[in-house]
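Computed from the coordinates by the stated procedures, all read-outs in this text should not be read as laboratory data. The model shown is predicted, which means the values in this text are computed figures rather than measured ones. Neighbour counts are summed over all protein chains in view; Cβ atoms, including those assigned to glycine, are modelled from backbone coordinates with ideal geometry.
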Amino acid sequence: MELTYRPRRLRTSAQLRKMVRETRMDKSSLIYPVFFMDGTDRVEEIPSLPGQYRCTVDRMEEILDPVVASGVGSILLFGIPEEKDEKGSQAYAENGIVQRALRKAKEKYPELFLIADVCMCEYTSHGHCGVLCGHDVDNDRTLDLLAATALSQVEAGADMVAPSDMMDGRIRAIRECLDRNGHSSTPIMSYAVKFASAFYGPFREAAGSAPSFGDRQGYQMDYHNRREAMKEALLDVEEGADILMVKPAMSFLDLVREIKDATDLPMATYSVSGEYAMVKAAAGNGWLDEDRIVCEMAASAFRAGADLYITYFAKELAGFMEEGRIG
Ligand code: PBG
């Protein structure tokens, strides 16, 4: 048969397939989330996230040495405080859990890039992402606390802050506060498009941050909405975000592509706890091949336009890239 185009020609050998590969990945694009908790001498596996741990600051080496050894160059820090209160005061305490973890990590691992998650839900007694007014989160009063949190994290050694609260105006509030205090070169990675998602279930168990009443639909986005995602992204560009994030990843890659095409900021996407837990559960039952699924999920995020990929599989992916299985 006479065919002008035979796309299969470019699939005839492994070498050629690699040569014409469209999506190239690199370890420097990976970010690994880490949970630090108050207390001493504890490292606990998180039941809903097998293979992921909560650790106290004095034992961070057990978690971070393998990260550094894998070639992953950046971590996203979360804190689990012993004390929670109405105003989440441990979020912005000079000696809060994340601040202590940042100080020690900066000293021990000067090459590691430290990103601090900025939010209140792990620190408030009610588990919402800000201070309450009645049963609602008070947007504007929360902004000051978020800015104070970001500032204390940067002063403790954070190289970048990543607000995940979804309050209106938080990027501007944080930017102004950092600038006023001499940190105008510290970038902000905004969780610009963050959906109210059941995919965060295992994280909330890990961080003890499930809301004690209601849900987060009053601030996180409705997952039916596309144009609103663009609105949120563009607002954060205007407010001074340096990197935009779409979260979760797997079910929202259409938006990664759309926002990537519409803005000129680097794009991040967060493959969240529920994505990890689903893969682990299915693989644990022998229902799918974990390594291959992890590679496909990562490649699809980058193919959709992500420049940065936050994932609990970061160390494994770095290994796959090293071996040339993907990338
Ligand atoms: C804090 C925050 C959450 C996640 C990241 N930052 C939880 C939430 O919004 O309830 C989820 C991360 C994950 O599921 O892996 N607001």
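Numerical summary
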read-out: Dipole magnitude (debye, nearest 20) for segment 96-198, charges at Cβ of Lys, Arg, Asp, Glu; value: 300 debye
read-out: Simple spin-label estimate for E205 and E83 in nanometres, 7 Å along Cα-Cβ; value: 3.0 nm
read-out: Rounded to 5, percent antiparallel among DSSP beta bridges of the chain; value: 15 percent
read-out: Unit charges on C-beta of K, R, D, E only; dipole of the chain, Debye; value: 1360 debye
read-out: Zone residues, segment 125-139, relative to A196, backbone N less than 18 Å from point 7 Å out along Cα-to-Cβ; value: 126-139
read-out: For segment 19-155, diffusion coefficient by Stokes-Einstein and Kirkwood Rh (Cα), 20 °C, 1.002 mPa s, µm²/s; value: 133 µm²/s
read-out: Cβ-Cβ FRET estimate between E111 and T23, R0 fixed at 35 Å, reported to 0.05; value: 0.85
read-out: Neighbourhood charge, 10 Å Cβ-Cβ cut-off, centred on A147 and excluding it, Lys, Arg +1 and Asp, Glu -1; value: +2
read-out: Karplus 3J(HN,Hα) series, Hz, for segment 176-192 with 6.51 cos²θ - 1.76 cosθ + 1.60 (x for Gly, Pro); value: 4, 5, 5, 4, 4, 9, x, 10, 5, 9, 8, x, 10, 9, 8, 6, 5
read-out: Cut-off 12 Å between beta-carbons: net charge of the residues surrounding I174, Lys and Arg +1, Asp and Glu -1; value: -3
read-out: Computed over the chain: relative contact order in percent, which uses C-alpha pairs under 8 Å that are six or more apart; value: 18 percent
read-out: Segment 20-80 versus segment 84-147: alpha-carbon centroid distance in Å; value: 19 Å
read-out: Distance (nanometres) between label positions extended 7 Å along Cα→Cβ at Q217 and L234; value: 2.7 nm
read-out: Crossing angle, helix 314-323 versus the chain [Cα axis fit, 0-90 degrees, rounded to tens]; value: 30 degrees
read-out: Added length on full extension, which subtracts the Cα-Cα distance from 0.36 nm per residue, M1 to E323; value: 112.0 nm
read-out: Shape call, segment 168-274: gyration tensor on alpha carbons, a/c limit 1.5; value: oblate
read-out: Within the chain, helix-based [θ] at 222 nm, where runs of 4 or more DSSP H residues each add -39,500 (n - 2.57), nearest 500; value: -11500 deg cm²/dmol
read-out: Sites R42 and R11, calculated FRET efficiency, Cβ-Cβ separation with R0 56 Å, nearest 0.05; value: 0.65
read-out: Three-way shape call for segment 107-207 based on the alpha-carbon gyration tensor, with the a/c threshold at 1.5; value: oblate
read-out: Per-peptide average of other Cβ atoms within 10 Å, ordering 182-190, 272-280 highest first; value: 272-280, 182-190
read-out: Charge tally in the Cβ shell below 15 Å around E238, where Lys, Arg are +1 and Asp, Glu are -1, E238 excluded; value: -3
read-out: Shape category assigned to segment 22-323 from the gyration tensor of Cα positions, a/c cut at 1.5; value: rounded
read-out: Positive dipole terminus of the chain, leading residue within V72, V193, Y219 (C-beta point charges); value: V72
